[in-house]
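Student: Just dropping this structure here.
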Amino acid sequence: MSNQLQNTSSLNSVTWNFQDGKNSSPVRTSELRPVVVNPWDIALCVTGTLISGENAIVIAIIFYTPTLRAPMYILIASLAFADLLAGLGLILNFVFIYMLNTEFVSLISAGLLIAAFSASVLNILAITVDRYLSLYNALTYHTERTVTFTYVILVLIWLVCIALGLLPILGWNCLQDESTCSICRPVTKNNAALLAVSFLLIFALMMQLYLQICKIAFRHAQQIAVQHQFMATSHASSTTKGVSTLSVILGTFALCWVPFAMYSLVADSRYPMVYTYATVLPATCSSVINPIIYAFRNPDIQKSLWLACCGCVPSNFSLRPRTSSDV
């Protein structure tokens, strides 16, 4: 994401200056000239490390727990893998900028980040669709949504994302014409705008799906309340809590990605880099939040995590089966 700093970095140096405002602290070696390390790049690298650690835990839990093989968990694992690649991409991007700064590796880095974050967004969309179908077709969901069908969907998602990641390497870049660069060099402004518009369309679709999920959940809660009037209050409370959770999920997704998408539409490489970093960092933080929202809140994954960490489950741990009114 931060390849635009390559012109300010010296390839012949392993002397690092960590700048904070106007002050810098050089750490000198015997041979080479100073390299200025941007604090924003350090923040992105640290974020990438946190992303990689979190999502590696999610993947390991799902992989080593035989009971977590339902379509929902396969989608969560795919999302975790996409975010893991995104985290590794941020780390490699830092290394490439300051240690191995060539045009080819900048294309590799850009392609990896585009593919990984595109896969992350599309997997979130797939999870949203899965939640919608589990409520809309509650009676036939488990027969229609087979593991094979889920794998087919994921293969299509990853093929699309790999194709997007290959575009910079195949010539869709601005290395030959700097005036066409977007805020994320070497991606062209047209490509960045296309990705931003695609994201906004996906976000609009997610909003519509979550709205339908809320309507279905309230309808199910009302039907249950009519049949069991003495449970009406508890079901209403559960549904209200579920809607609040959906609002938090959608709001967090919007806060992370919408600023970056909107800025990509209006800005280019001539704009101050600080604005790019200020929108890129929240977008990358979405991959930090995803494991918390989609994995660690899940009771089955929580149980597996407790068993993996301490070999036991807390006595107050409640593994309540999900119902069609849960969101």
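Student: On a 1.4 Å probe surface of the protein chains, which of TRP306, TRP257, TRP40 comes out largest in accessible area, and what is the full order?
Tutor: Sorted by accessible area, descending: TRP306, TRP40, TRP257.
Student: Once Rh for the range 151-209 is found with the Kirkwood sum over Cα pairs, what is the Stokes-Einstein diffusion coefficient at 20 °C and 1.002 mPa s, in µm²/s?
Tutor: 167
Student: Follow-up question, since we're still on this one. Rounded to a whole number of µm²/s, how large is the Stokes-Einstein D of the range 240-291 at 4 °C and 1.567 mPa s, given Rh as the Kirkwood radius over C-alpha pairs?
Tutor: Translational diffusion coefficient: 107 µm²/s.
Student: While we're on this one: From the phi of every residue in the range 112-122, what ³J(HN,Hα) in whole Hz does the Karplus formula 6.51 cos²θ - 1.76 cosθ + 1.60 yield, where θ is phi - 60° and glycine or proline is x?
Tutor: The phi angles translate into 5, 5, 4, 5, 5, 6, 5, 5, 4, 5, 5 Hz.
Student: Mind ranking VAL152, VAL105, VAL37 by accessible surface for me, highest first, 1.4 Å probe?
Tutor: Order by accessible area, largest first: VAL152, VAL105, VAL37.
Student: What accessible area, in Å² to the nearest ten, does a 1.4 Å probe give for ASP130?
Tutor: Here the residue's solvent-accessible area equals roughly 10 Å².
Student: While we're here: Each residue of the range 148-163 in order: what ³J(HN,Hα) in whole Hz does its phi give by Karplus 6.51 cos²θ - 1.76 cosθ + 1.60, θ = phi - 60°, with x for Gly and Pro?
Tutor: Result, rounded to whole Hz: 4, 4, 5, 4, 4, 4, 5, 4, 5, 4, 5, 5, 4, 5, 5, 4.
Student: Separate question: GLU178 accessible area, nearest 10 Å², 1.4 Å probe?
Tutor: Counting only protein heavy atoms, the figure is 90 Å².
Student: Please quote Rg/Rh for the range 110-150 to two decimal places, taking the Kirkwood radius as Rh and restricting both calculations to Cα atoms. Please list the in-between numbers first.
Tutor: Numbers: Rg = 13.5 Å, Rh = 11.6 Å.
Rg/Rh: 1.17.
Student: Starting from the 7 Å offset along Cα-to-Cβ, what nm value, one decimal, do you get for the label separation of GLN212 and THR102?
Tutor: Placing both labels 7 Å along Cα→Cβ, they lie 4.9 nm apart.
Student: Considering just Cα atoms, how many Å³ per residue does the convex hull of the range 50-120 enclose?
Tutor: About 75 Å³ per residue, rounded to a whole number.
Student: A further question follows. If you rank LYS215, LYS189 by how much accessible surface each has, with a 1.4 Å probe, what is the order from largest down? Before the final figure, lay out each step's value.
Tutor: Numbers: LYS215 110, LYS189 60 Å².
Per-residue accessible area, sorted high to low, gives LYS215, LYS189.
Student: Please report the accessible area of TYR132 (heavy atoms, 1.4 Å probe, ligands and nucleic acids excluded) in Å², nearest 10.
Tutor: Around 40 Å² of this residue is reachable by solvent.
The values are calculated or read from the model by the stated rules, or taken from the named source; none is laboratory data. Quantities reported herein were computed from a predicted structural model and do not represent experimental measurements. All Cβ positions, even for glycine, are placed from backbone atoms using ideal geometry, and neighbour counts span all protein chains on display. We work out accessible area using only protein heavy atoms, side chains counted, and drop any ligands, DNA or RNA first. Shrake-Rupley method; radii C 1.70, N 1.55, O 1.52, S 1.80 Å.
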